[in-house]
Amino acid sequence: MPETNYVHEHVPGNFMDVLKNVVYISVVKAFQAEHPEGVTLVETHSGPGVHDGVKEEYYKGAGKMVEKNNAPNVPAPTKKYVALLNKLRAEFGNETVPGTALFSRELMQDNDVHRLSDVNVDDVEGLYEDADFRKISAYDPASIDFYIPRDEVSDRQHIILIDPPYNEDNDFYYAKELVDGLLERKPDCCIVMVIPLIRDHRQRYSFPTAMKELAKAKASVGRYFCSIIVGKAELEGAAVLVCNPTKDLDETLNEDCLEYLAQTMNKGKADYVVEQAMKKKRLIIPG
């Protein structure tokens, strides 16, 4: 299979990891506020939980967020991310970088459910005992029955994080098929999809466009999209697509927030996009 020029192992703590976690934390907290009866957090490519060793990319991404966190103009979503990051690094060590699985662990509330899968790891370090991890491929059609069991389609809010390795070109195709299958199963499930913007790659522009079109066609509530550009190297930027966000997500993850992220991790240069399009109001059932 053709390989990309993107190395996923460099991601922990880099600018794409920061953007992913800032968006993911904001999405989860917004849905928890709407659903006191509990939500289901799903991660299709969980990773090992704790990444040992701090690479140079960390200091240009998460490290910058920590360094600037006491400045007067720091947006609230970034402060929440840094607070969780600092707490987890205090627990596992300053030479580690926590994965999103551990951010999910910290976000869990009473009655929430945590499901994870990853075909490339045997276990996820640091999870609570009631988390359900399975070593399965997210691209196996049967995995959808684990992520969204048929008996939960109508009575649970699912928030599904999709962050594939994108080490091979086929990952783009399979990731799109996964989103399609999830929205087919539950058109109003929330999907948070991470998209690397790889310089000179044939999917650099076509894949984000295709994913937004898929969300427009199949996500019953709407979509949110944001991206930042931070350099001219192989991984020049990152994007996050949210299928079926809460109606006010773009007020939390707004232009000020994206501008701050882009500027802080790109030596003062602000190159970002943020947009949201909603089809209808989400019906909230009182708990």
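The values are calculated or read from the model by the stated rules, or taken from the named source; none is laboratory data. Values in this document were obtained by computation on a predicted structure and should not be read as measured data. Methodologically, a virtual Cβ is constructed for each residue, glycine included, from the backbone with ideal geometry; neighbour enumeration extends over all protein chains shown. Heavy atoms of the whole protein, side chains included, go into the accessibility calculation; ligands, DNA and RNA do not. Shrake-Rupley method; radii C 1.70, N 1.55, O 1.52, S 1.80 Å.
In the structure displayed, which of 55/267; 29/60; 20/64; 87/269; 212/267; 55/135 lie more than 23 Å apart, Cα to Cα?
On the way: 55/267 19 Å; 29/60 26 Å; 20/64 15 Å; 87/269 29 Å; 212/267 29 Å; 55/135 27 Å.
Among 55/267; 29/60; 20/64; 87/269; 212/267; 55/135, the Cα-Cα distance tops 23 Å for 29/60; 87/269; 212/267; 55/135.
Give me P(r) over segment 78-168, computed from all C-alpha to C-alpha distances, binned every 5 Å, as integer percentages.
Taking every Cα pair in segment 78-168, the percentages come to 2, 11, 20, 22, 21, 14, 8, 3, 0.
If you place +1 on the Cβ of every Lys and Arg and -1 on the Cβ of every Asp and Glu, how big does the dipole about the Cα centre of segment 39-176 come out, in debye to the nearest 20?
Around 740 debye, computed over segment 39-176.
Taking the Cα-to-Cβ direction at residue 273 and at residue 248 and moving 7 Å from each Cα, how far apart do the two end points lie in nm?
2.7 nm
Nearest 20 debye, what's the magnitude of the dipole of segment 106-151 about its Cα centre given +1 on Lys and Arg Cβ and -1 on Asp and Glu Cβ?
280 debye
Once you have the alpha carbon radius of gyration of segment 218-273, what is it after dividing by 2.2 N^0.38 Å, with N set to its residue count?
Details: Rg = 12.6 Å, N = 56, 2.2 N^0.38 = 10.2 Å.
Normalised by 2.2 N^0.38 Å, the Cα Rg of segment 218-273 equals 1.24.
Local charge sum around residue 93 (other residues, Cβ-Cβ under 12 Å, Lys/Arg +1, Asp/Glu -1)?
Details: positive: 89; negative: 52, 91, 95, 125.
Surrounding charge for residue 93 is -3.
For the chain, with the dipole built from +1 on Lys and Arg beta-carbon atoms and -1 on Asp and Glu ones, taken about the Cα centre, which of 84, 249, 98 lies farthest toward the positive end?
Farthest towards the positive pole: 249.
Apply the Karplus parameterisation 6.51 cos²θ - 1.76 cosθ + 1.60, with θ equal to phi minus 60°, to every residue of segment 215-230 and state each ³J(HN,Hα) to the nearest whole Hz, in sequence, with x for glycine and proline.
Per-residue couplings from phi come out as 4, 4, 7, 10, 6, 6, 9, x, 8, 10, 9, 9, 8, 9, 10, 10 Hz.
When all C-alpha to C-alpha distances in the chain are sorted into bins of 5 Å, what percent of pairs does each bin hold, rounded to whole numbers?
Final binned percentages: 1, 5, 13, 18, 21, 19, 14, 7, 2, 0.
Could you check how much of the accessible area of the chain is carbon and sulfur, as a whole percent, using a 1.4 Å probe?
Ligands and nucleic acids excluded, carbon and sulfur reach 47 percent.
Determine the shape class of segment 138-286: with a ≥ b ≥ c the square roots of the Cα gyration tensor eigenvalues, call it rounded for a/c under 1.5, and otherwise prolate if a/b is greater than b/c, oblate otherwise. Don't skip to the end; give the middle numbers.
Working: a/c = 2.38, a/b = 1.34, b/c = 1.77.
In terms of gyration-tensor shape, oblate.
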